[in-house]
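The values are calculated or read from the model by the stated rules, or taken from the named source; none is laboratory data. Computed from a predicted model, the values in this text were never measured in an experiment. Virtual Cβ from ideal backbone geometry, glycine too; neighbours counted across all protein chains shown. The protein model used for the area step is the full one, side chains on, heavy atoms only, and it has no ligands, DNA or RNA in it. Shrake-Rupley method; radii C 1.70, N 1.55, O 1.52, S 1.80 Å.
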Amino acid sequence: MFWRMTGLSGASPVDTILDKENFTLEELLDEDEIIQECKALNSRLINFLRDKAQVEQLLRYVVEEVPEDSEKKRSFKFPFIACEIFTCEIDVILRTLVEDEELMDLLFSFVKPDHPHSTLLSGYFSKVVICLMLRKTAPLMNYVQGHPEIVVQLVDLIGITSIMEVLIRLIGADENIYSNYGDAMQWLENTDVLEMIADKFSSSDSPEVHANAAEILCAVTRCAPPSLATKICSPSFVGRLFHHALEESRPKSVLVHSLSVCISLLDPKRLASASYQAFKSNLSHGALVTASPETVDGMLESLGNLLKLLDTSAENVLPTTYGYLRPPLGKHRLKIVEFISVLLTIGSETAEKELIRQSAIKRSIDLFFEYPYNNFLHHHVENIIVSCLEGKRTELIEHVLNECDIVGKILVAERLSSLSTESNGPTVPSEERAPPRIGNVGHMTRIANKLIQLRNSNSTIQAHLQENTEWVEWQTNVLVKRNEVENVYHWACGRPTSLHDRGRDSDDDDYRDRDYDVAALANNLSQAFRYGIYSNDYIEEVCGCASFRLECFTANI
């Protein structure tokens with residue numbers, strides 16, 4: 001807002017309206033400065049808006065749909081301004097709302113099943129309710145506790161993201177709300193809100209519903225009241241998730257988002273679907289929900305059925321720039337590999353033995369080479385391999401080196417280097433062009449370097465590498481040279497060299513150590529001028545500068 005000084009500016013347009021004998025709420029809402037006046041705590045305006053009749057009308061703008069042929073002011077401006085008035089957090093206006101049962105009934109009538117739920121008004125409703133949670137926590141929670149059907153209605157509307165945000169805060173899975181009414185959350189122990197959310201995986205086919213349900217459950221794993229934390233990590237709840245995920249008739253989005261919840265249980269610090277601020281703020285109060293050994297065992301019971309989905313028989317074809325995929329990897333298989341990767345990071349001996357027994361690690365590594373252009377997959381598989389190699393259990397290391405034959409697979413891929421035209425794998429090159437270079441060479445290089453790094457401290461790895469003469473030869477002739485080329489601190493151009501050598505006093509010293517080909521520089525410059533890249537005026541200007549600089553370079557050299 002702009003500051004007004006007596007004698008230097010006119011009266012506020014809002015005060016002008018308030019000076020009238022007869023004026024309406026609509027006149028005030030139509031005035032552009034009303035929000036600024038509310039924030040400036042204009043006493044005359046606030047005394048008018050705090051009246052029950054005005055609060056009721058503001059609520060109707062927020063929660064009631066209007067016919068399509070209504071004026072734009074009624075459809076868009078008035079609902080927006082009404083929502084902003086509530087979120088100005090003026091205590092007397094909010095008190096009028098929360099202390100009146102009829103007004104609260106009107107507000108939460110928006111979530112009734114027979115009420116239309118447009119995206120626009122859902123956002124306004126969400127902002128008003130969240131404002132009440134922050135500023136009028138106790139009265140709001142008392143009202144919701146006295147009307148338990150509200151929780152059920154909110155869960156039914158979980159596919160609307162703004163409603164999902166209300167539900168997250170209502171059940172205490174938000175860092176801003178949890179500390180404000182921790183004592184008021186006891187009533188949640190007697191509800192089955194988490195089960196209702198999880199059952200949306202089974203009752204709805206909407207990917208938006210599945211994504212938002214997973215968002216709420218992941219939020220609970222990071223910041224939740226003790227009652228919900230105990231329930232969500234129980235083996236029975238995990239079993240419920242896997243039951244929905246493995247139903248054959250369900251969309252693949254159910255599997256993907258159910259596994260996201262399990263991954264968040266295993267590693268709550270992963271920020272797959274929640275904001276960084278939520279996790280960061282959570283560090284200041286309360287502990288993260290961590291999966292117990294019983295929780296992990298509950299997940300392992302369904303591991304066999306889950307791994308069967310990695311061997312797909314689908315015949316769908318996805319055209320690509322290099323050929324086609326038959327079939328593509330798919331989000332669900334990628335999520336299963338991510339789940340395996342996280343299972344290996346928690347240090348559970350039971351999980352590691354089960355993954356070995358059911359060949360989950362071997363199948364993941366096979367997918368790494370079958371889909372050489374899926375970088376998301378390569379990232380997860382590299383984490384799997386590194387977790388196994390860095391683990392304390394020799395059984396896991398021997399499994400990766402022997403049964404999975406990671407060294408042999410890397411050598412075969414390096415020897416071929418290009419996408420094979422004779423392979424029966426799912427990645428098929430185009431017949432119209434030469435096969436492209438495989439895209440996972442960088443990840444194989446990192447894995448190879450990790451093997452070399454760990455062999456000095458692990459006799460199993462050292463013995464395995466020394467026995468393989470092809471590996472020794474490839475390491476000497478290919479890997480060493482590749483690491484030298486890819487080491488940015490060895491480059492003769494750019495800033496990394498100067499960053500590596502902090503002893504230089506100026507850029508002039510940097511120039512002296514570089515072998516510049518002045519003739520080549522001059523030739524490139526003349527070629528640019530010859531092909532008309534620059535205008536004539538620019539050529540004359542740059543040529544003079546270029547000649548001067550070339551003379552300087554020659555003199556320095």
With all protein chains in place and a 1.4 Å probe, Lys200 shows an accessible area in Å² (nearest 10) of 30
Rounded to 0.05, the calculated FRET efficiency for the beta carbons of Arg433 and Glu247 at R₀ = 45 Å is 0.60
Quick calc, region 315-440, dipole around Cα centre from Cβ unit charges on Lys, Arg (+) and Asp, Glu (-), nearest 20 debye, gives 220
Checked region 38-120 against the a/c 1.5 cut and the a/b vs b/c comparison, axes a ≥ b ≥ c from its Cα gyration tensor; verdict oblate
Heavy-atom accessible area of Asp156, protein chains in place, probe 1.4 angstrom, given in Å² to nearest 10, is 90
Quick shape check on region 398-442: root eigenvalues a ≥ b ≥ c of the Cα gyration tensor, a/c under 1.5 is rounded, otherwise prolate if a/b tops b/c, else oblate, and it reads prolate
Accessible-area order for Thr460, Thr312, largest to smallest, probe 1.4 angstrom, reads Thr312, Thr460
Answer in debye to the nearest 20: the dipole magnitude of region 57-206 about its Cα centre, from +1 Lys/Arg and -1 Asp/Glu charges placed on Cβ, is 580
Carbon plus sulfur, as percent of the 1.4 Å-probe accessible area of region 105-158, comes to 57
Any lysines whose Cα falls less than 22 Å from that of Lys200, other than same-chain ones fewer than 8 residues away, would be Lys112, Lys231, Lys252, Lys331, Lys335
Per the charge dipole of region 399-450 (beta-carbon charges, Lys/Arg positive, Asp/Glu negative, Cα centre), the residue among His443, Ile410, Thr427 reaching farthest to the positive end is His443
Heavy-atom accessible area of Ser420, protein chains in place, probe 1.4 angstrom, given in Å² to nearest 10, is 40
To the nearest 0.05, the calculated FRET efficiency linking Phe23 and Thr161 through their beta-carbon distance, R0 being 45 Å, is 0.75
The alpha-carbon center of region 466-488 and that of region 211-271 are separated, in whole Å, by 43
Averaged per residue, the 1.4 Å probe accessible area of region 196-266, protein heavy atoms only, in Å², is roughly 32
1/(1 + (r/R0)^6) with r = Cβ-Cβ of Asp192 and Ile346, R0 = 30 Å, i.e. FRET efficiency to nearest 0.05, evaluates to 0.60
Rounded to whole angstrom, the alpha-carbon centroid of region 153-169 lies from that of region 98-119 at a distance of 14
On the accessible surface of region 203-273, probed at 1.4 Å with all protein chains in place, carbon and sulfur together account for a percent value of 54
Taking His379, His115 and ranking on accessible area (1.4 Å, protein atoms only), highest first, one gets His379, His115
